[in-house]
Structures are given as C-alpha cells and as structure tokens.
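This report refers to the structure that appears directly beneath it.
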Amino acid sequence: MAKELSPKKYIETQCRKLPIYKCYINRDWDTARMANVFILRKHTNGNITIGIYLVDLACLGIKDTFFFFNVPESDINERLDLPNMFLKEVDYTLAHNIVFAGHDYALDYDINPHKDFVTTKFILEEDDDKISLIDIPVGGDDGKPLLVLQPGQSTKYKHVYDKLVKNLGKDNFNFVMGADMLSNYEEAENMDMEEEEFNEEDEDSLTYIDDFEMGQITKSIAKEIDISDLVNSNKINSRSQIEVLILEIESIIRLLQIKRKDLFYSEEEIEYKSEYTLYTQAKMYPNWITDEMMMEANQMMDDDIAFIADMENKNNSKEALIKYDNDRTIDNINSYSHNPYALMMLYEKSILSKHTEGINLLYPVIIKLAKKYETINLELALCTYYLNEDDTEFAEIIQVDKLQNLFKHTNEIADLDLNIYGMFKLLFCIRKSNLKEAIYYYNLLSDIDMGTPMMVFLELQFREFISQPFNEAYKQLLTDDKMN
C-alpha cells in the first residue's frame, strides 16, 4: 500500500495539479504597499488547500507565509473570515504578479523570503512565461525601498537595515518606525519598544497540546505550549515518544528559567550572539541544494520510514528489520549517487545505525563532497565527532569566533548549516559539561527546528544531561512552596 504523503510533501510535489479555485487580496494593497494574498486550490473531495502570503511590496518581500491543507471550505471561511469587506476576489494572474513582484524586489536587495516560502511557493503556479506579466508598483512613492517597521521589530530586521546601508547607502532608501520617519537606525533602537502586557483577551491565543494532532509537536511548537499543559503528565504521556521527549525537555527548561536564571543569556546578550544574527538572515537550504534534490532526498527518507513501518506491521524480528534497513540503505546509495544532499543524509543515517558497509561505501564520497560543500564538511565533522569523543581535530569549529570563517566558498549561511553547526556545539557542550552553552544551542536548534535523525539522539543525551540541575531546581521549588 502506498504511503500517504504528508501535507508538506503533497504541496511540494502534487499541489500544482489541483485547479486554482479562488484568489483574494486586500482592497488597499496598491496604496498600502502591503498585500495579504490568499490562493485557494480545490481537491477532488471538495476540500481546500490555501496558501497565505503577507507581501511587503515596499521592501521586505514575503514577510510571512503559511498554509492550511485539505480542509473544508467552510472551515477556511470561518477561520479566515473569507470573504470579508476588506478583501476582494481577483484573478490568479494579478495575485501571482503581486506575490512575485514583492519577492523579486526584495531579492534585488539580498532580502530573502520567509523560510516557509520554500513550501508555499508550490501552491502558486511556476513563475515562468506562462503567467502574463503585470506591472506592480514596488518601493515607496519616490521609487526607493521603504523599510517600515513597528515598535518591537528592530532586532528582527536590523540585518535588513544593514544590508540596505551596505548596498545602497543611507540616502538611497527610506526608513519608517511606526508613523515617524527616522534618519538612522540608532534612533529607532532608543524608542520604547516594550510589548503590551498580557490581558484576558489574549487567552484565546494560548497554545495547548490538544491543539495538535499526534506527531505534529516540534521543538519550536513546544516553546509556545502553555505551562499548564507542560506540567500535565497525562497530556504529555499521551503523545508519541519523540513528542514526549521534546515536551519533557521544554518543561525542564521552563523550570530552570525560573530557578536558575544564571543558565540563560539575556535577550540583549542573545542579540550579539553570531548564530542568532545569522539565523535571522538565513534561508532554509544553501544554494547548492536545489528544490529537486531536497524533495528527492526527503521522499527517500519518507519511503524508508514507510518501508520499516510496513515491516514492523508484518511482525518481523528486530534483526530482520535491521537487515532490511541496511540493505535498503545500500540500494539508496546506488540509486541516489547523483544527489549530494541525499548522500549526506544517508551518511548520517549509516553513522547512527553503525552500518559498516554503508559507512565504508559513503566515506570516500563524503570526503570528496566535503571539499566542495561547507555543509557536507560540517556534517562530516559532526558524524566523526559523534563516533569519537576526541575533539582535538575540530579546534577550528570549536573555537571559531565568527561562523562565517568556516565558509570559505560562499557568503551565505543557511539554516541547514546552522542546524548542523548547532548540533556539533550541543554535543560538544554536553561532553564538556557546559550547561549554559548547551541550553543556548538547544534553544537555537529549537528555533531553527529542522528535524534530523541525529537530533533525536542528541535530544536523548540533552535530556539526561539536564536532569540533575532539574532535580535540584525542582527540590528547591518544593522547599519554596512549603516555606510560603
């Protein structure tokens, strides 16, 4: 039986086969230079997959994007209030041109789209000559890029300001904070940007475990779960094994934030950590990984998971499952020899499963690829260090003061690169018993939230590593409660 594709994989591989159903956009998009674009495609069952794009035509391009997959149209209308008085229905050609006008204008200034556009772009048609070109107004009224930020967004978009200064000079773009034109970024940083205090109306926006189907909770989602659920062992234990691990770690971190504040960097300190500076600028995958490579490699891994699940359902022994999986790995090495990204994933898998034949086949290939791609060089270091606790050969990675120094062939560092680097540093910090830095790198990995087989192994080690300080903090909490 063929394995059903996940929503993300379906969108990336099948969504363009669905007919465009409706498109909506806010009525004032052209004067506001800010467009909310809704693209609906209809499934044969009558349900809707919708892509939503917040497009800043003045400067930032695709600021945000997300999707709802295969849901009843009534649910879409209710959740998004579609259609409403502020939206109008438009033809697809106009909607397409608006999205890509903002996207391309931002790219002209080295401003990348929201990371999820790597998926939601497949709800759109291919941006080629088949789509008629419409002249869409971009930039400010004077034709210059116009960076408009709201209070509280200065840190998030400082990298954009810096790029505009570097590429254009301060006199060749405009910058607005709220309603006031500011002459330089330092003035914006001195403004009062405190967030509004929580009130009862915000309660509806809280995130709970039951809001997600089994298997959907990731590290980044766990960071948003309300504390009342994180202390509910029944709710946590009802989830999948990986989700239980993630939620337990998050509950421990929350308690340590209360009782061991010394283990956490302040927001001001985080702003100056090079990894987070790069993270706000990064796109998901490095340029050398094409969409075809990525989808092919991810499909390979999904097929492997489905294959093993099918074998388990047939009550095969553990030994038989290992043999089947190892044989399949060898087949994949041969089948995907043209795909460096797939080979990198297979190498990590072989390392974790200690599959000697796979390691021996892949090692000389990975060594060769590591000389060409910094991403694979980092992966090679991570896998080598995972097998051998001797860190003497990794001084360049361990002691690097600027992560960019590890990337000699490219000026761009992607989330995938940061993820591999973060895993290496997390493993290093665990082995060196550096609790504060380990928590920092785990939180970085949670924000990036790119799942890999290696990450599960590191989560298990991290959970064990933070158990002792958690137990001490929990005892202190009980003592404090008794005293009160």
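Overview of values
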{"read-out": "Cβ-Cβ under 8 Å pairs, at least 6 apart or on other chains, region 122-136 side within 23 Å of Glu12 (Cα to Cα), far side hydrophobic (A, V, I, L, M, F, W, C) and in a loop (DSSP other than H, G, I, E, B)", "value": "Glu125/Ile131"}
{"read-out": "Every residue from region 211-254 that is hydroxyl-bearing (Ser, Thr, Tyr) and either over 26 Å from Asp116 (Cβ atoms) or in contact (Cβ under 8 Å) with a residue 40 or more places away in the chain (or both)", "value": "Thr218, Ser220, Ser228, Ser233, Ser238, Ser251"}
{"read-out": "Meets criteria (out of contact with any His (no Cβ under 9 Å at 6 or more places or on another chain), part of a loop (DSSP other than H, G, I, E, B), at pLDDT below 85 and farther than 30 Å from Tyr279 by Cβ) for Asp128", "value": "no"}
{"read-out": "Residues being in a loop (DSSP other than H, G, I, E, B) and buried (at least 22 other Cβ atoms within 10 Å of the Cβ) - total across region 95-121", "value": "3"}
{"read-out": "Only listed residue being over 18 Å from Leu458 (Cα atoms) and surrounded by 12 or more Cβ atoms within 10 Å (Cβ to Cβ), chosen from Asn332, Asn419, Asn405", "value": "Asn332"}
{"read-out": "Lone unmet requirement of (1) modelled with pLDDT of 60 or more; (2) over 16 Å from Ile111 (Cβ atoms); (3) loosely packed, with under 15 Cβ neighbours inside 10 Å for Ile136", "value": "(3)"}
{"read-out": "Residue in region 61-76 that is more than 28 Å from the chain's Cα centre (by Cα) and modelled with pLDDT of 95 or more present", "value": "no"}
{"read-out": "Residue that is under 21 Å from Asn298 (Cα atoms), hydrophobic (A, V, I, L, M, F, W, C), at pLDDT below 95 and surrounded by 15 or more Cβ atoms within 10 Å (Cβ to Cβ), where the choices are Ile11, Ile25", "value": "Ile11"}
{"read-out": "Flag for Leu427 being assigned to a helix (DSSP H, G or I), at pLDDT 95 or above and crowded, with 22+ Cβ neighbours inside 10 Å", "value": "yes"}
{"read-out": "Entirely in region 220-296, the helices (runs of 4 or more DSSP H) that have 3 or more residues that are modelled with pLDDT of 85 or more", "value": "227-230, 233-237, 241-259"}
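Each row is one residue, and each column tells you yes or no for (1) surrounded by fewer than 18 Cβ atoms within 10 Å (Cβ to Cβ); (2) in contact (Cβ under 8 Å) with a residue 40 or more places away in the chain; (3) aliphatic (A, V, I, L, M).
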position	(1), (2), (3)
Asp291	yes, yes, no
Ser317	yes, no, no
Ala320	yes, no, yes
Asn326	yes, no, no
His338	yes, no, no
Lys349	no, yes, no
Asn360	yes, no, no
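The values are calculated or read from the model by the stated rules, or taken from the named source; none is laboratory data. Predicted model only: the values in this text are computed from it and were never measured. Virtual Cβ from ideal backbone geometry, glycine too; neighbours counted across all protein chains shown.
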